[in-house]
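Let me begin by handing over the structure; questions about it come next.
The values are calculated or read from the model by the stated rules, or taken from the named source; none is laboratory data. Since the structure is predicted, the reported quantities are computational estimates derived from the model, not experimental observations. Counting neighbours? That spans all protein chains shown, and the Cβs are built from the backbone with ideal geometry, glycine included. For the accessible areas, the whole protein counts, side chains as well, though only heavy atoms, and no ligand, DNA or RNA atoms are used. Shrake-Rupley method; radii C 1.70, N 1.55, O 1.52, S 1.80 Å.
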Amino acid sequence: MGLWGKITKIFKGKGKNSSFNEEKPTRLSEYKEKRFSGKVTVDASEIRKILGDPSDLVIREFSYYGVAAAAVMIDGLVDKMVVIDGILKPLMVEAKIAREKPADPYKSLKEEMLAIAEIKEVQTLDEFLLAVLSGEVGLLLENCPVALLASAKGWATRSVTEPMNEVVVRGPQEGFTETIRVNTTLIRRRVRSPYLRFEALKIGRISQTDVVIAYLEDIANPQIVEEVRNRLSRIDVDAILESGYLEEFIEDDPFNIFPQIKHTERPDKAVADLLEGKVVILTDGTPLALIVPATFPEFFQAAEDYYEKYFIGNFLRLIRLLAFFIAMFLPSLYIAIITYHQEMIPTELLINIWASRSGVPFPAFVEALIMEIAFEALREAGVRLPRPVGQAVSIVGALIIGQAAVEAGIVSTSMVITVAITGIASFAIPAFNMAVAARIYRFGMMILAATFGMFGLMMGFIFLVILLCNTRSFGVPYLAPIAPLSIPDQRDVVVRLPRWLMVKRPKHFRPRDERRVKEGLRPGYHKGEKRR
Amino acid sequence: MKKVLAALLIIGQIFFTGCWSRMELEDLAIVQGIGVDENKKGLKKDRYLFSVQVVNPSALTSKGGGGGEKPYVIRLISGELFFTSLRELNMETALRLYYAHNRVILISEEVARDGLKNLLDFFERNPQFRRDNYVLIVKGKAVDVWDGFPGLVKVPAIAIYDLAQKSYLTAEAGIIELGDFIELMEEEGVDPYAPGVKILLKKGRKDIRVFQTALFKKDKFVGWLDEKQSRGLLIVTNKVKGGITEVTNPFNPEDKLSVELEKSKAKWELKVVENKPIIRLKVETEGIITEVQNGLDFSKKETFQKLNREYAKSVRRDILEFINKTREIGADPAGFGRFIYRENPGLWQEIKDDWEEEIKNLSIEVKVQAKIVRTGMTAASIKPQ
């Protein structure tokens, strides 16, 4: 208990029934035992009653060889054309034209008449309702104790478009969408392996969101997969609207600002991670897939590193790493040097900064704080506002305020430059969550630098290293393969070796199958080979 | 509760300390040069006149500049102890004097004559001073140099610093940094030296010139090496990185060539004959012809042989002049004594007590091998037709 118990108690709030009803894990579970009556009209009105007769509920009653039948569906979730061509037409028209009444109408319905790819049989009302609410067409038949579910899902979806937040110059331009089936397809299309596994889960008492755990059974370590499965099945909330909901429930250390789970909207990136033995978690309703386990160096890798020639990729990656350190430490370094270690600056620069700071009313730390907060606010405003307005904000913020503040002598030009470089550097980090973590950590560093100078900066850095070394993601050390050090795995950390040298998968994900490239594939002429 | 308290105390530490030794940059007066002069009044209390040169950054940078504002300020104060005086000087300057970026230390000839050990103690003790400050001996008054014409760099102290850095171009001044100066002073068998600086009046303008070398015995200034002798010192101590030598044309004594020293290596050897040390200097230099009067035939081997001989002669002359001067004064800036000490400590123990006399009769053999390696972009000279 202790401190943490006290804090949670405060946020629990007052109220009588504050715990989940254990006997009712979903909203439909009270109909778990409920079976169909066999009377179409009775069942139909029962369904109507349960769902509250909403305007989008369609119950089409018809007769099939004189037997009363009904198709239950939610308008908008089903593809009307499929319903007409695959269900209603065969049952109502073709049956009448072509055939005599069969002995067992139900059997013929299921085996002969329905021109639908996916058909399921359900016994209880809860399964039936869940399927209908998920977009399937439920078929009820008079005197029949079971119902049929025909898949005719088809609702308005966003088509597969370019991933908005992970743009590449070279590489596939497909991104995940909000529909989980499209997303699994995008993955399946890239790996035609029989070992690709999609394990489906439904999470959320009210939302009953589809979640799929994807992994390659011949590569991924079963312990990691099992851990993912366990952590996901623990979750018991009302709804999952985005994969971020899941992330907060399954990450290792909730008090760590550094992200321990990667997310991506690029199917190629997800597949690349599957191939390294990681597990991808797809959530219905969001284009962002979670990837676990994640290590710190991975947050600085972009898909493009692997598509461009390795020289280019490495150059970009080194710049990104440099940008991370700038985003993390530049303002605090500036404050520390300006207020404690003036002897460290080259004289000419010192004279320059002196001149730009003369007349500035605030100490360097306050000045930096003002600028950093102004910058963060500006960035946030730019993200939230509609695009055309966002442009105006950046013009007003960056050009007018920046210029005016310097001319009025409220901030120094050197500080504006420092903050601007820091801002640009933080945008160069490909993972947004890592960039934000670095930005938050930066404020702490600034306070340390303002109170202790270089000494404080070193304390902050040491704390950062300890923090990172202490973090784990699904049992994998966060700093792997740097700490614990694995020399062969350095082939894809700070720099990436050419593909023909990346012969094995990273060891820290403990893959079942290590080798990924045949040895001796270096192109070009080898010694003793005949030149052609 | 205990945990909360502990956490609060730990976090509180940050704020209880109160930013020890924090200084805002704009509260600092950036001192670029410090000078010491003899105060003419002659009183012990006001024995020295200390001067500092502080830059005025807003006049130096494009920002608040213009307006005819001088980019530097000179502050003076008289006193006996260095640090006391400078602290008192702070009572006259609004900003705190900050010495970490000091570049040059100017000491007037008169002050240097009385010995520097007490004055330099301050620089050794104060953490703000860098060891790479240049020490220069002023021919005249340091205060006058602070007002010299700095040219494009705008601040005289910076001008002196740049001049000292570029003095390798002529190799006519024995440049030295504060740390090395003090080291040479404290070491056995070697005396410190420092370059000279002087104001030259040209068309009513006070130009600054860094040249020649001041010689010391222990910490007391004793005399000057002229330009050629200074170069001799630099060649012998392997500190030379350039310098122009004028060589007479071996075929026509009326014409001259200028040769720039490219590379030089002096090797020292100690020989003891009848308990007397003999130092042999073997100098190998390489030079480039940079200017020729009336042309020479460079296609012949003989030309180079003769030129090499002439060049060697001239280098040798510089070295001998330097040696003669040290013999005359009895100072040892090249560290011949230290060399004997290292090579033959026993011998050094015998002669060290009257080394000052010994050096006047020390036999030094100088052998110079000079070589002209290039003739510049062309071998031929301009021949008007």
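Which condition number in (1) free of Cβ contacts under 8 Å to residues at least 24 places away in the same chain; (2) part of a loop (DSSP other than H, G, I, E, B) is the one that A:Asp253 fails?
(1)
Same structure again: Of all residues in the range B:28-50, count the ones that are more than 10 Å from every other protein chain (Cβ to nearest Cβ), out of contact with any Asp or Glu (no Cβ under 7 Å at 6 or more places or on another chain) and at pLDDT 90 or above.
Here the count works out to 7.
Turning to a different aspect of this structure: Taking the range B:151-181 only, how many residues are in contact (Cβ under 8 Å) with a residue 24 or more places away in the chain, among the β-branched types (Val, Ile, Thr) and in contact with a helix residue (DSSP H, G or I) (Cβ under 6 Å, 6 or more places away or on another chain)?
Summing the residues that are in contact (Cβ under 8 Å) with a residue 24 or more places away in the chain, among the β-branched types (Val, Ile, Thr) and in contact with a helix residue (DSSP H, G or I) (Cβ under 6 Å, 6 or more places away or on another chain) in the range B:151-181 gives 1.
Quick test of your reading of the structure: B:Asn133 fulfils all but one of (1) over 30 Å from A:Gly409 (Cβ atoms); (2) surrounded by fewer than 16 Cβ atoms within 10 Å (Cβ to Cβ); (3) within 14 Å of another protein chain (Cβ to nearest Cβ). Name the failing condition by number.
Of the numbered conditions (1) over 30 Å from A:Gly409 (Cβ atoms); (2) surrounded by fewer than 16 Cβ atoms within 10 Å (Cβ to Cβ); (3) within 14 Å of another protein chain (Cβ to nearest Cβ), the odd one out for B:Asn133 is (2).
Pull out all pairs, ordered by first then second residue, where Cβ-Cβ is under 7 Å, the residues are six or more apart or on different chains, the first lies in the range A:332-355 and is more than 7 Å from chain B (Cβ to nearest Cβ) and in contact (Cβ under 8 Å) with a residue 40 or more places away in the chain, and the second is open to solvent by 30 Å² or more (accessible area, probe 1.4 Å) and of a type outside the set (A, V, I, L, M).
A:Ile335/A:Phe365
Can I ask one more? When the range B:83-114 is examined, which residues are found to be more than 20 Å from B:Leu25 (Cα to Cα) and open to solvent by less than 10 Å² (accessible area, probe 1.4 Å)?
B:Ser85, B:Val104, B:Ile105, B:Leu106, B:Ile107, B:Ser108, B:Val111, B:Ala112
Between A:Ile447, A:Ile482, which is buried (at least 17 other Cβ atoms within 10 Å of the Cβ) and not in a helix (DSSP H, G or I)?
A:Ile482
If you don't mind, another one. Given the criterion outside any helix (DSSP H, G or I) and under 20 Å from A:Asn314 (Cα atoms), identify the matching residue among A:Val494, A:Val411.
A:Val494
To continue, here is another question. Quick one: which helices (runs of 4 or more DSSP H) sit completely within the range B:287-385 and have at least 1 residues that are under 30 Å from B:Phe181 (Cβ atoms), touching a Gly at 6+ places or on another chain (Cβ under 6 Å) and hydroxyl-bearing (Ser, Thr, Tyr)?
Fully inside the range B:287-385 and qualifying: B:336-343.
Just checking, which of A:Arg205, A:Arg190 is in the same structural domain as A:Val271 (by TED's automatic domain parsing), under 19 Å from A:Leu290 (Cβ atoms) and part of a loop (DSSP other than H, G, I, E, B)?
It is A:Arg190.
If a residue has to be surrounded by 19 or more Cβ atoms within 10 Å (Cβ to Cβ) and charged (D, E, K, R) to count, how many in the range B:210-226 make the cut?
Here the count works out to 1.
Let me ask something else. Given (1) more than 22 Å from the chain's Cα centre (by Cα); (2) within 12 Å of chain A (Cβ to nearest Cβ); (3) polar (S, T, N, Q), where does B:Asn102 come up short, assuming only one miss?
Only one criterion is unmet by B:Asn102, namely (1).
Restricting attention to the range B:322-342, does a residue exist that is assigned by TED's automatic domain parsing to the domain that holds B:Val273, open to solvent by 50 Å² or more (accessible area, probe 1.4 Å), within 21 Å of B:Lys265 (Cα to Cα) and acidic (Asp, Glu)?
no
Checking the condition over 30 Å from A:Ala374 (Cβ atoms) and more than 14 Å from every other protein chain (Cβ to nearest Cβ), which residue from A:Ala425, A:Ala483 passes?
Within the list A:Ala425, A:Ala483, the selection yields A:Ala483.
Of the residues B:Leu76, B:Leu97, B:Leu89, which is within 13 Å of chain A (Cβ to nearest Cβ) and at pLDDT 90 or above?
B:Leu97
Another question about this same structure. Give me the pairs, please: first residue somewhere in the range B:1-27 and at the interface with another protein chain (Cβ under 8 Å from one of its Cβ atoms), second residue anywhere and open to solvent by less than 50 Å² (accessible area, probe 1.4 Å) and modelled with pLDDT under 85, beta-carbon distance under 7 Å, and either six or more positions apart or on two chains.
Close Cβ pairs satisfying both conditions: B:Lys3/A:Gly2; B:Glu26/A:Ser358.
Quick one: would you say A:Val503 is open to solvent by 30 Å² or more (accessible area, probe 1.4 Å) and among the β-branched types (Val, Ile, Thr)?
Considered against the rule, which asks whether it is open to solvent by 30 Å² or more (accessible area, probe 1.4 Å) and among the β-branched types (Val, Ile, Thr), A:Val503 comes out as no.
It is to be established whether one or more residues within the range A:378-387 are touching a residue at least 60 places away in the same chain (Cβ under 8 Å), away from chain B (no Cβ under 14 Å) and either assigned to a helix (DSSP H, G or I) or open to solvent by 30 Å² or more (accessible area, probe 1.4 Å) (or both).
No: the range A:378-387 contains no residue that is touching a residue at least 60 places away in the same chain (Cβ under 8 Å), away from chain B (no Cβ under 14 Å) and either assigned to a helix (DSSP H, G or I) or open to solvent by 30 Å² or more (accessible area, probe 1.4 Å) (or both).
Table: residues versus (1) among the basic types (Lys, Arg); (2) modelled with pLDDT of 80 or more; (3) part of a helix (DSSP H, G or I); (4) on the phi > 0 side of the Ramachandran plot.
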residue	(1), (2), (3), (4)
A:Lys89	yes, yes, yes, no
A:Met92	no, yes, yes, no
A:Ala95	no, no, yes, no
A:Lys101	yes, no, no, no
A:Lys107	yes, yes, yes, no
A:Glu111	no, yes, yes, no
A:Glu127	no, yes, yes, no
A:Leu133	no, yes, yes, no
A:Pro145	no, yes, no, no
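Sticking with this structure for a sec: For A:Gly524, all conditions in the list (1) open to solvent by 40 Å² or more (accessible area, probe 1.4 Å); (2) on the phi < 0 side of the Ramachandran plot hold save one; what is the number of the exception?
(2)
Tell me the strands (runs of 3 or more DSSP E) entirely within the range B:193-252 that contain at least 2 residues that are among the basic types (Lys, Arg).
Correct list: B:193-202, B:205-217.
Every residue in the range A:201-214 that is open to solvent by 20 Å² or more (accessible area, probe 1.4 Å) and at pLDDT 95 or above, please.
Of everything in the range A:201-214, nothing turns out to be open to solvent by 20 Å² or more (accessible area, probe 1.4 Å) and at pLDDT 95 or above.
If you scan the range B:253-275, which residues turn out to be assigned to a loop (DSSP other than H, G, I, E, B) and within 21 Å of B:Thr290 (Cβ to Cβ)?
Hits for the range B:253-275 are B:Pro253, B:Glu254, B:Asp255.
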